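All remarks here apply to the structure that follows.
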Amino acid sequence: MLLCRPAELLGTTRVLLAEPVSRPQLRTSSLLARATGQVICEVAEGRVDTIAWKKDGQPLLPDRVSQLSSSCSVLYLRPAKKLDCGSYSCNASNGISWQETSLEVTIEGLSSRLKHILRMAVIAVVFAAVAAWGLIIPVCQSERLRIRGELWRWLSSYTCGLVCIACILDGTAGILWMWEEGPSLAVILPEITLSYLSVVNFLGATAVIFQPTHFSRLKSKKAQRTMGYSAPGAVVAVVLSSTFLIRSIYHRHEEGCTEFVDVTILVSSAVAVSALPLLAIVLCYLSFARHTVQGCSNDCDVSWMGKTRSFEMSQPGTKDTNPS
């Protein structure tokens with residue numbers, strides 16, 4: 001305890017005692033871009049005369065600070081933005097001592113909901129890309145080795161089902177985005193399209209699995225076009241809509257100063273999960289194609305030998321040396 005100052009009162013001497021201030025404690029609320037945030041400076045022990053704030057070594061204006069009590073001061077960030085990131089220091093002092101504490105403040109650009117939306121949009125893009133490969137494979141085949149029968153049935157149902165899941169994920173991400181940011185025509189129109197395409201692809205997948213004969217006997221050209229173009233159209237719609245969401249979320253992230261969400265593991269996992277069934281179908285097809293080519297080669301050899309034998313027998317002076 002240190003002597004602060006004497007005072008005389010009615011012929012007696014009164015001693016006023018003061019103690020050094022303790023080191024201030026700095027803490028923050030959840031700091032999110034576009035939202036109001038707080039940085040709180042509190043002194044646990046000692047009489048505090050003044051509390052001064054600095055950011056990156058420069059004094060802050062008093063209008064941003066609210067003194068709740070002699071030992072507690074609050075710095076308001078209204079609203080929090082990228083420029084508010086930096087090192088904040090709080091200096092507490094009285095007549096005999098002072099203490100200072102610093103804290104590195106970062107502003108989050110994305111809320112937890114926006115991070116979930118980003119993950120859903122990324123998974124939707126991955127599923128759409130894998131489904132696109134499932135649509136490309138039959139186009140790149142020759143007519144003789146084209147996928148048919150059960151393999152075509154499973155490939156078509158899996159592709160339509162994967163596209164349907166991608167539409168549902170992307171549509172859900174769009175709804176959550178509007179919940180966070182408000183309604184937008186750039187999201188509402190894709191939502192309607194994705195809803196329609198998800199229903200059509202779901203019906204196509206179930207028809208191929210449970211009623212393949214009915215599916216192959218579609219006579220209406222309009223129905224054939226709808227079923228034929230629904231999956232490619234859904235792939236394009238998912239890629240465009242998800243790209244818009246991912247870009248919008250990235251722009252929101254730029255309003256903060258934290259690292260962008262790492263989606264490397266998420267992309268790898270989504271590719272592995274969605275591509276394994278497609279890979280199994282492709283391996284079965286390659287095995288079937290190899291046997292088909294070998295069978296064709298054997299048939300061609302037998303046919304060539306037969307033609308050669310017929311030619312030899314047709315030549316004059318040629319006798320059949322084989323016993324009858």
| query | Can you tell me which residues in the range 166-186 are buried (at least 20 other Cβ atoms within 10 Å of the Cβ) and within 22 Å of A131 (Cβ to Cβ)? | reply | A166, C167, L169, D170, G171, A173, G174
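Select, from I40, I51, the only residue that is in a strand (DSSP E or B), touching a residue at least 24 places away in the same chain (Cβ under 8 Å) and under 20 Å from P20 (Cα atoms). So that I can check it myself, show each step before the final result.
Details: I40 fails: under 20 Å from P20 (Cα atoms).
From the options I40, I51, the qualifying one is I51.
Can you tell me which residue among S73, S69, S87, S111 is under 21 Å from G46 (Cβ atoms) and in contact (Cβ under 8 Å) with a residue 12 or more places away in the chain?
Numbers: S69 fails: in contact (Cβ under 8 Å) with a residue 12 or more places away in the chain; S87 fails: under 21 Å from G46 (Cβ atoms); S111 fails: under 21 Å from G46 (Cβ atoms).
Just a single option satisfies the conditions, and that option is S73.
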| Only one of (1) of a type in the set (A, V, I, L, M, F, W, C); (2) closer than 26 Å to W154 by Cα; (3) out of contact with any Cys (no Cβ under 8 Å at 6 or more places or on another chain) is not met by I192, so which one is it? | (2)
| note | Of the conditions (1) buried (at least 19 other Cβ atoms within 10 Å of the Cβ); (2) part of a strand (DSSP E or B), the single one that Q67 does not satisfy is (1)
| said: Testing L169 on (1) more than 16 Å from V235 (Cα to Cα); (2) modelled with pLDDT of 95 or more; (3) hydrophobic (A, V, I, L, M, F, W, C), one condition comes back false. Which one is that? | reply: (1)
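Of all residues in the range 245-276, which are in a loop (DSSP other than H, G, I, E, B) and of a type in the set (S, T, Y)? Full working, then the answer.
Initial filter on the range 245-276 (in a loop (DSSP other than H, G, I, E, B)): 254-263.
Result: T258, single match.
Being more than 23 Å from P20 (Cβ to Cβ) and in a strand (DSSP E or B) is the requirement here; does S89 meet it?
Working: more than 23 Å from P20 (Cβ to Cβ): no; in a strand (DSSP E or B): yes.
No, not satisfied.
Please pick out the residue among P62, P24, P79 that is surrounded by fewer than 18 Cβ atoms within 10 Å (Cβ to Cβ), over 39 Å from the mean Cα position of the chain (by Cα) and not assigned by TED's automatic domain parsing to the domain that holds L169. Step through it out loud before you land on a result.
Details: P24 fails: surrounded by fewer than 18 Cβ atoms within 10 Å (Cβ to Cβ); P79 fails: over 39 Å from the mean Cα position of the chain (by Cα).
Within the list P62, P24, P79, the selection yields P62.
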| message | Among the residues that make up the range 13-36, is at least one of them touching a helix residue (DSSP H, G or I) at 6+ places or on another chain (Cβ under 8 Å) and part of a strand (DSSP E or B)? | response | no
| request: Looking only at the range 187-206, count how many residues are of a type in the set (A, V, I, L, M, F, W, C), without any contact (Cβ under 8 Å) to a residue 12 or more places away in the chain and under 24 Å from V130 (Cβ atoms). | output: 2
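The values are calculated or read from the model by the stated rules, or taken from the named source; none is laboratory data. Only a predicted model underlies this, so the values are computations on that prediction, with no experimental measurement involved. Cβ: placed from backbone, ideal geometry, glycine included. Neighbour counts: every protein chain shown.
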